[in-house]
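Some notes on the structure that comes next.
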Amino acid sequence: MKCLLIASESAEVLFYWTDPEFEQNIQEQYGASQEEGEKPPAFEDCINTLFAPIIISCSTMVDRLGDGYTSFSTENNHSYVLHQFEECLYIAVNGDGEEGEEDLRRKIYVMKKMIEVLFGVVTLSSPLLRKELRPQDTEQRTRLWKHLQSLLETYSRLKEQDQSFLVEAVERLIHPTLCEQCIEFLERSLVQQINSSVERAGEEVLHAFILVHTKLLAFYSSRNASTLTSSDLLALIIMVQNMYPSNIDLEDCAPEDVENTSAPDIFYTPEPSPTNRDSGTDGDSFVDPDIQMAEDSLQTLECPPHDPSTPSRVFLEVMLKEGCYPMMPHSMYCLPLWPGITLVLLTKIPKSNLAMSIYVFLEAFAKLEKRLSEGLEGSAARGQTSIQDLRNKLDKFIRAVGTVDIQTSALQSVWTEFKSRAFIRGGHGFNRGLVPWCRGMKTQLCGVYRQCFMAENGVGGGGPQRLSPSLQDRALIMVQEKLIDWKDFLLVKSRRNITMVSYPEFPGLIHFIYIDRTAGQMIAPSLNITDRATSELGKGPLAHFIKGKIWGLVNTSRLYLQKGYSTVTLRDGDYFFCYFLWFENETGYKLEVKELPILPDDSAPIGMLAMDYYRKLLRYYSKNHQGEVVKCYELLTVHLGVIPVEYILQHCSQLARKLWEPSRIPLL
Amino acid sequence: MADNTVADSRYNYFFLYDGSKVKGEGDPTRAGICYFYPEETPLDKQELLCGQLAGVSRCVSELSSSPVRLLRLRRSKFAIRMKGDFLWALGCSVDIPDVSICNLLDQLINLFSFYNGPIRKSYQIYSQEDLAVRWARYLSHLQEGTTELHHIFSCLSTIDSTHIDPLLLLKAALILQACQRCPLVLAGCILFRGRVVSTQMSPDLTVKVMLLQVLSQSTQSTPKEVNRPRKSRLLSRTLSDTPPSDPPEPDPARPAPLSLHCPSTPGSSTSDDLLFSPSLSFHTPPGPLSPSPSTVSPQISYHSLPNGKSSHEVEEGVTGGLHDQSLDSLEGGDSESGLIGVGPVQSCDIPHDLNRHNGDSMALDGEKAGALGFRGQNSPGCGRRRTGIVADEKEGHRGKVQLADTGDVPPAPCENSSGPPLTTMTLYQHRVRGLVLALLVEPHFHNDTAAVEEVYHSSLASLNGLEAHLRTTARGGAGPQGPYTFAHYDCIQNTLTTNLSGRPGGAQERSFVRATSLLHSHFSHTEALQEAIVRNAGAAVYATRSVAQETYFLQQGGALRNSGIPNHQDSAFSLPSKARHRLLKHGVNLL
């Protein structure tokens, strides 16, 4: 019983995802009120009708009370979490007890993150984003929603199965020699060759990495590239997993698991009916079976809808000397080396400097709008020089863009209007009346951005522009040759990266997770809970039980961290859990604890994938440690409860010391 | 300790909304608002909140096929109860744990049905204005005299046992037991200045009965309806018909406190169970003391006077805010109406009846019976020792009225068909200054003059004595302040022991309260969790719980200089042993 819904303020559904149980539940409810013999309405309409009162009430409360809903819970423990981002209201529902409010909130933020990665700066303009998320064309909409739905499902699966997605940090394969060799290979051979090839069509490889399932074998960034943030890297891994799912279940092959993986494919196709307002311009001309066929082929093809050599357009944060530019366009090439092993190339695309300029303008207008709507006309006017500067730059920009085959007439006319209002009478035009024009400018800029970087097909594909297929093939073959001997080893290694057997000096220690939050990396003994593979935890109920405990512990530790507690120990049944968070400087010197911020219950989830909490935490902590590199670590342990607490604590401190070393493996 | 009422209210809104009044398109939302707190809220805001929250709740409960329990907003949250067309919502700030605010709302609703019966029926019988006064009364009762910690645990205020001679507690328990020799007496409790001294009732029930004390303590009364004759069903209250056939599993931790109040009973648990089963009154054999007939009649008439007189008023009062008035008048009445005897002080308001109370309040959980409370004292002083006895014939009248009344309002399940049916019962109250003896009795108790007499006499002297002792000894200062802060919550008796003052404390106290609230909610939804230590830069708090209790401990002083890295020499991890040692002297055994 799960659902995630995005709605506009006017209660229009911009996206939804439901599991089969929820869908059935909705249809039953709707069926009850349905006249006999009448055709059941489209599922999208049902869900819209049922949620509309909630959505409308939410905006009423915001408008009239200045306070919106954040969550509901019912007596049978259904949870609803609501969050408003700009003009989009996200609602996540759980009715089977598998997810708590925290999980739902996290899902909402992750969904938003994925949308940002796919749509970039367009997300800053609500009207455009609305159009983008809900294309007029039904077929296109179906395809886009299906893509988003499967991303969400992939994320949920990873979060359930994979410790690295549980704690939201990248897990590396622990094999320093191979890792180093691979990095060298990526640098000297692969990236250099591609970047010096004429077939690269103006693109430049910035980052290259090899994933074995979800684990990182090697990562290389070219010298002039900005660092790839953990948040973006995690989001990209989700995308890669979505394209080439490593079906852990399939390999271990329990038949019901096969069923499970195909279950999410059930997807409702709206039937053409006279009431179907979505059929829009297509009207009755669109034929159901076609869509059905298209979907079927999609299902069999898994994801890459067209040519597999077509890169995905992704929008990632770029940190340069001049500043931080979120959501800058890149192309992502996923080259499957073997099932489970993927080479990923991230390239900088031509025109990407346009994106930076647009972002700068957007920021300027956003600031101006904020100041004006706060009634700070004075300071807005005082910013005259920068306004003049903006004016000149924008004029130049529009002229330049006009030459590269981009529709700028709308931008131009709004800009002309803006100028005529703003720059009259020596700056007196800067008043509250200008606010809508600031918004208009933002929308227009986002529109230009959209034209430049979003191809026609809505699934974030990038038009014809790409590294030539033959170049991609060559790259693939090169890496395959390099790794062919390691292939089987890597696949096994990814399942048993490190094991508890390697830690005999900690009797009674059942499991641990060690996380370097500065680097966004984690180490933990593998937990493979499948019916076939026996892990050290044994198999069957006990292993599942312990896995459940670990997942629960992570959630609990976040709950306390959110309220400012950096050390937690819990005796829970037969187990003893510890959680520690601490700061060190680069040399490993332990820095003193500082009062951590206490966040409200509905604050962004603690993690790195969406709204990176740890990055903010480090920034906050570093305020008192100027000029010093501050690192943040976390350790979670699970011990048997019979072990005396003194020993448990001793283990924890020894473990922290021991694990410190491997985390020094260079990532780059 | 704990005397400071935190003045600002913990809830910002409370309302009762009747959806059946707003069915059609044209019906204004205000028609459905039965009660809204704070009453001065502008009507359009009332309508906004009621309309939106009720609408959303309805929508969500349809989607989930289950009533909404909690609605959270960014800056506040609302505990919700939905029953039939009614919706109750209690709003508070986001700091209060979910479990606490939901408990508080349930308490409030139960309190209402305890004194007024089923909600639908009440709104048919009484005017909305009357009931509004009552809601306001209940709200302030639940809010009164407690600290933030009390709110977190939603627990009873009890007298501070550490300052009281245990013999007094024993004595209180014995008084209650003595009263039970009368087969019509079901269970009782003794309250002193708003705090529980000894109780045989379940915590839920005790908290409801305590309202009486609050009412009678406050002297100012709204005279408005004094002479309006009403259907006088005094304080008849209703208990669940369902015998406590499903008491929670016997709790191992219980015997200790129980032995305090009924040491003479062999097998305290059984006696408690009996106590609370509706039939239990019969199990106590009639006591050996049979009052002589001569005494009986004056005795009876005595209370009948005040009660007869107040029978309307009392009813009004208790339920409608006038009770105090009637009590005051009782006092006066005593002397004026020619009491035989010296001191004009009233002390005995007797059978107030009571009312029906919602079955699901589990008032009859035999298992939880008999909470003994301990806690600091405070105090409006009052007269003590009554001497006069007045004759009057209203007694009979009164009894009849009451009976008629009970007959009139049968324990109709009404709209709460889901809950167990309600039973009418009566409350007998005897007051000696700050001390109140409240007994839950069979409805026909008043008619049985012999029984009334017996109960009255058997307890009179001891109550006076107890009151005198409590008054003199209860003045002790705040609890022993050590270099530590603790809170010990007894889940069975629903009582709290703490050395934390109610005054807004220093940073460490606040951080203790915050940690406690977080850990308490964690405990409440994680069954297997037994022990926890949480630490931030400023303080470390240790918490431990068993089925019967939760204990929270913070060692004060010396900022814990540490890096947060695991270190077994860290002082935070010695908290458990410190807590074990330090708390022994507070009667908290963590071993």
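For the range A:378-408, give me each residue that is among the small types (Gly, Ala, Ser) and either within 13 Å of residue A:357 (Cα to Cα) or modelled with pLDDT of 70 or more (or both).
Hits for the range A:378-408 are A:386, A:400, A:402.
Which of the residues that make up the range B:87-111 are over 18 Å from residue B:33 (Cα atoms) and in a helix (DSSP H, G or I)?
B:98, B:99, B:100, B:101, B:102, B:103, B:104, B:106, B:107, B:110, B:111
Among the residues of the range A:9-66, which ones are of a type in the set (Phe, Trp, Tyr) and at pLDDT 90 or above?
A:15, A:16, A:17, A:22, A:51
Rundown of residues vs (1) of a type in the set (A, V, I, L, M, F, W, C); (2) over 19 Å from residue B:139 (Cα atoms), yes/no style:
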position	(1), (2)
B:43	yes, yes
B:46	no, no
B:57	no, yes
B:61	no, yes
B:80	yes, no
B:110	no, no
B:115	no, no
B:124	no, yes
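If you go through the range A:177-205 one residue at a time, how many are of a type in the set (D, E, K, R) and under 18 Å from residue A:349 (Cα atoms)?
The total comes to 4.
Whether any residue in the range A:337-353 is surrounded by fewer than 20 Cβ atoms within 10 Å (Cβ to Cβ), more than 30 Å from residue A:172 (Cβ to Cβ), of a type in the set (S, T, N, Q) and at pLDDT 90 or above is what I want to check.
no
If you go through the range B:525-581 one residue at a time, how many are hydroxyl-bearing (Ser, Thr, Tyr), in contact with a Phe, Trp or Tyr (Cβ under 7 Å, 6 or more places away or on another chain) and facing another protein chain (nearest Cβ under 10 Å)?
Residues that pass the stated criteria total 2.
Out of everything in the range A:218-273 that is modelled with pLDDT under 80 and among the aliphatic types (A, V, I, L, M), what residue ends up being surrounded by the most Cβ atoms within 10 Å (Cβ to Cβ)?
A:248
Answer with yes or no whether residue B:472 is at pLDDT below 85 and surrounded by 24 or more Cβ atoms within 10 Å (Cβ to Cβ).
In short, no.
Select, from A:614, A:589, the only residue that is among the aromatic types (Phe, Trp, Tyr) and surrounded by 14 or more Cβ atoms within 10 Å (Cβ to Cβ).
Among A:614, A:589, only A:614 is among the aromatic types (Phe, Trp, Tyr) and surrounded by 14 or more Cβ atoms within 10 Å (Cβ to Cβ).
When residue A:585 is evaluated against the numbered criteria (1) at the interface with chain B (Cβ under 9 Å from one of its Cβ atoms); (2) touching a strand residue (DSSP E or B) at 6+ places or on another chain (Cβ under 9 Å), which criterion, by number, is the only one it fails?
Going through (1) at the interface with chain B (Cβ under 9 Å from one of its Cβ atoms); (2) touching a strand residue (DSSP E or B) at 6+ places or on another chain (Cβ under 9 Å) one by one, residue A:585 breaks only (1).
Among (1) touching an Asp or Glu at 6+ places or on another chain (Cβ under 6 Å); (2) within 12 Å of chain B (Cβ to nearest Cβ); (3) in contact (Cβ under 8 Å) with a residue 60 or more places away in the chain, where does residue A:122 come up short?
Result: residue A:122 passes all but (2).
Return yes or no: is residue B:55 closer than 17 Å to residue B:14 by Cα and more than 24 Å from the chain's Cα centre (by Cα)?
Answer is yes for this residue.
Could you check the range A:592-608 and list, in sequence order, the residues that are at the interface with another protein chain (Cβ under 7 Å from one of its Cβ atoms), out of contact with any Leu (no Cβ under 8 Å at 6 or more places or on another chain) and under 16 Å from residue A:619 (Cβ atoms)?
Of everything in the range A:592-608, those that are at the interface with another protein chain (Cβ under 7 Å from one of its Cβ atoms), out of contact with any Leu (no Cβ under 8 Å at 6 or more places or on another chain) and under 16 Å from residue A:619 (Cβ atoms) turn out to be A:594, A:595.
Among the numbered conditions (1) out of contact with any helix residue (DSSP H, G or I) (no Cβ under 6 Å at 6 or more places or on another chain); (2) farther than 19 Å from residue B:62 by Cβ; (3) more than 8 Å from chain B (Cβ to nearest Cβ); (4) surrounded by fewer than 17 Cβ atoms within 10 Å (Cβ to Cβ), tell me where residue A:65 comes up short.
Here residue A:65 meets the rest and fails (3).
Listed residues B:30, B:75; which is within 8 Å of chain A (Cβ to nearest Cβ), surrounded by fewer than 17 Cβ atoms within 10 Å (Cβ to Cβ), more than 28 Å from residue A:30 (Cα to Cα) and touching a residue at least 12 places away in the same chain (Cβ under 8 Å)?
B:75
Assess whether residue A:565 counts as being in a loop (DSSP other than H, G, I, E, B), among the aromatic types (Phe, Trp, Tyr) and within 14 Å of chain B (Cβ to nearest Cβ).
yes
Might you let me know whether the range B:112-121 holds any residue that is farther than 23 Å from residue B:456 by Cβ, outside any loop (DSSP other than H, G, I, E, B), under 13 Å from the mean Cα position of the chain (by Cα) and modelled with pLDDT of 90 or more?
Yes, there is a match, as at least one residue in the range B:112-121 is farther than 23 Å from residue B:456 by Cβ, outside any loop (DSSP other than H, G, I, E, B), under 13 Å from the mean Cα position of the chain (by Cα) and modelled with pLDDT of 90 or more.
Among the residues of the range A:582-605, which ones are of a type outside the set (A, V, I, L, M) and not in a loop (DSSP other than H, G, I, E, B)?
Listed by number, the residues that qualify are A:582, A:583, A:584, A:585, A:590.
Can you find, within the range A:72-83, the residue that is surrounded by the fewest Cβ atoms within 10 Å (Cβ to Cβ) among those that are at the interface with chain B (Cβ under 7 Å from one of its Cβ atoms) and farther than 16 Å from residue A:7 by Cβ?
Applying the filter and picking the extreme gives A:76.
Just for the range B:78-97: of the residues that are at the interface with another protein chain (Cβ under 10 Å from one of its Cβ atoms) and aliphatic (A, V, I, L, M), which one is nearest to the chain's Cα centre (by Cα)?
Only one residue fits best here, namely B:80.
Without any contact (Cβ under 8 Å) to a residue 60 or more places away in the chain, within 11 Å of chain B (Cβ to nearest Cβ), buried (at least 22 other Cβ atoms within 10 Å of the Cβ) and in a strand (DSSP E or B): does that describe residue A:579?
Yes, satisfied.
Residue B:526 fails exactly one of the following numbered conditions: (1) at pLDDT below 95; (2) crowded, with 20+ Cβ neighbours inside 10 Å; (3) farther than 19 Å from residue A:598 by Cα. What is the number of that condition?
So residue B:526 meets the others, but not (2).
The values are calculated or read from the model by the stated rules, or taken from the named source; none is laboratory data. Worth saying up front: this structure is predicted, and the values here are computed from it rather than measured. No Cβ is skipped: glycine too gets one built from the backbone with ideal geometry, and neighbour counts run over all protein chains shown.
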